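Here's the structure we're looking at; comments come further down.
The values are calculated or read from the model by the stated rules, or taken from the named source; none is laboratory data. Just so we're clear, the structure is a prediction, and the values are computed from it rather than from any experiment. Backbone-built Cβ (ideal geometry, glycine too); neighbour counts: all protein chains shown. Calculation scope for accessible area: heavy atoms of the full protein, side chains included, ligands and nucleic acids excluded. Shrake-Rupley method; radii C 1.70, N 1.55, O 1.52, S 1.80 Å.
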Amino acid sequence: MQDTLSRDARLALDLALTIRHDGNGGVADDLADPAGLTAWVHAHPDTVPYAAHYVADGADLAAVRELRAAVRALFARSVRPGAPSSADAARLPPAREAVERLNAAAARTATVPVLHWADGVEPAVQQRPVDGEADLTAALARAAIAFLAGPDRQRLRACHAPRCVRYFLREHPRQEWCKPSCGNRARVARHHERHRRAA
């Protein structure tokens, strides 16, 4: 990924990428249970102020998984006219419902803008929860909204290598896959298909 990738873009993409290929022809879900969500939040310490002490419960898991479905639905819409990820293309909510879910989740915590301006750096605005406690789902929804409304969304693509279910941000105009191993798998599959047809 490019060094200029915003925190919001990285967080939204990382949330969508909790659905991944399992290495055996299926799909793995990193958020299959509360322990998985707890580990994911710990791996993303800037998500919410209390991330280091966060412990997910069933309600948190359900809310984040619902939000993730909305994010993946809007990612699928963003890559049109290309095909969406094969992981969940048939199970995603309609775009209108996904937008409603995203907006409802973002509204779960009221925030105010806070200006930060240290010597020698450009001023920056950070959204701070009004009551001091950010809701995880709201923080993730706000990151997804910022990404989807920002310039990085134009680079969003679905990887169409065999068995890959990931989304990625294209770094150069000819990039077709999320990582080199997916490109290798796609080339091998095309090679085998050509030889099968010729035989």
Inside region 24-53, can you point out the residues that are modelled with pLDDT of 95 or more and among the aromatic types (Phe, Trp, Tyr)? 40
Can you pull out the residues in region 7-55 that are without any contact (Cβ under 8 Å) to a residue 40 or more places away in the chain and open to solvent by less than 50 Å² (accessible area, probe 1.4 Å)? 14, 26, 28, 29, 31, 34, 36, 37, 38, 40, 44, 51
Looking only at region 91-104, decide whether some residue is at pLDDT below 95 and in contact with a Ser or Thr (Cβ under 8 Å, 6 or more places away or on another chain). no
Among the candidates 176, 193, 171, 122, single out the residue that is open to solvent by less than 80 Å² (accessible area, probe 1.4 Å) and either charged (D, E, K, R) or free of Cβ contacts under 8 Å to residues at least 24 places away in the same chain (or both). 193
Residue 81 - would you say it is out of contact with any helix residue (DSSP H, G or I) (no Cβ under 8 Å at 6 or more places or on another chain), farther than 21 Å from residue 34 by Cβ, part of a loop (DSSP other than H, G, I, E, B) and open to solvent by 40 Å² or more (accessible area, probe 1.4 Å)? yes
Checked against (1) more than 30 Å from residue 166 (Cα to Cα); (2) in contact (Cβ under 8 Å) with a residue 40 or more places away in the chain; (3) not polar (S, T, N, Q), residue 143 satisfies every condition except (1)
Working carefully through the options 95, 59, find the one that is among the aliphatic types (A, V, I, L, M) and loosely packed, with under 13 Cβ neighbours inside 10 Å. 59
Mind listing whichever residues of region 104-119 are open to solvent by less than 80 Å² (accessible area, probe 1.4 Å), of a type outside the set (A, V, I, L, M, F, W, C) and in contact (Cβ under 8 Å) with a residue 12 or more places away in the chain? 109, 111
Take the conditions under 19 Å from the mean Cα position of the chain (by Cα) and closer than 16 Å to residue 50 by Cβ and apply them to residue 109. Does it pass? no
